[in-house]
Amino acid sequence: MKLLAAFVAMICLTVAANLLLKSGASAPGASSGNMLSLLNWRVIAGLASFALGAVFYVLILTKLPLNVAQSFAALQFVAVVIASWLILGEPVGGLRWVGIALIGAGILLVGMTIP
């Protein structure tokens, strides 16, 4: 149960980090080409979210082999696409949904190999 909670936390933090980085990169003045203009609160919060997510991932790696942990961590790719679609309103075409479904099927197959 602790392992599942660590995965959920890691995935949620990674999704939040990606959304924060995207909104920070899209903030007024961020596209001026000046690196310092990218250091707004959203970008800093996104980087902090990635760092905290990495802490949870390290905890996961103490319990699972890397190949299994990384396979389940791929759920973050699915979650980021869904969050960008729902929260940011980014379009996701049919072929991309097929790709996301294939990632989900791969994760399911890996899950079936765990005793």
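The values are calculated or read from the model by the stated rules, or taken from the named source; none is laboratory data. These numbers come from a predicted model, not from an experiment. With ideal geometry, Cβ positions are generated from the backbone for all residues, glycine too; neighbour counts draw on all protein chains shown. Quick note on the areas: whole protein, heavy atoms, side chains included, nothing else; ligands and nucleic acids left out. Shrake-Rupley method; radii C 1.70, N 1.55, O 1.52, S 1.80 Å.
Numerical summary
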| quantity | calculated |
| --- | --- |
| Extended-chain gain in nm, criterion 0.36 nm per residue less alpha-carbon gap, VAL98 and SER26 | 23.1 nm |
| Surrounding net charge for GLU90, when Lys and Arg each add one and Asp and Glu each subtract one, Cβ distance under 14 Å | +2 |
| MRE, 222 nm, helices only [DSSP H, n ≥ 4, -39500 (n - 2.57), over the chain, to nearest 500] | -24500 deg cm²/dmol |
| Protein accessible area in the chain, 1.4 Å probe - carbon and sulfur % | 76 percent |
| Helix runs (DSSP H) in the chain reaching 15 Å along axis by Cα, Kyte-Doolittle at least -0.5 | 2-25, 41-61, 75-86, 94-112 |
| Fully extended contour minus Cα-Cα distance, from ILE87 to ALA48, at 0.36 nm per residue | 12.0 nm |
| Chain lengthening between MET35 and CYS12 when straightened (0.36 nm per residue, less Cα-Cα) | 5.6 nm |
| [x] 16; [y] 39; [z] 20, with the label sought being that of the calculated percent of Cα pairs over 23 Å apart | [y] |
| Pairwise label distance in nanometres, LEU59 with VAL110, each label 7 Å out on the Cα-Cβ vector | 2.0 nm |
| By accessible area with a 1.4 Å probe, ligands and nucleic acids excluded, highest first: order of LEU38, LEU64 | LEU38, LEU64 |
| Rg ratio (alpha-carbon, reference 2.2 N^0.38 Å) - segment 46-87 | 1.30 |
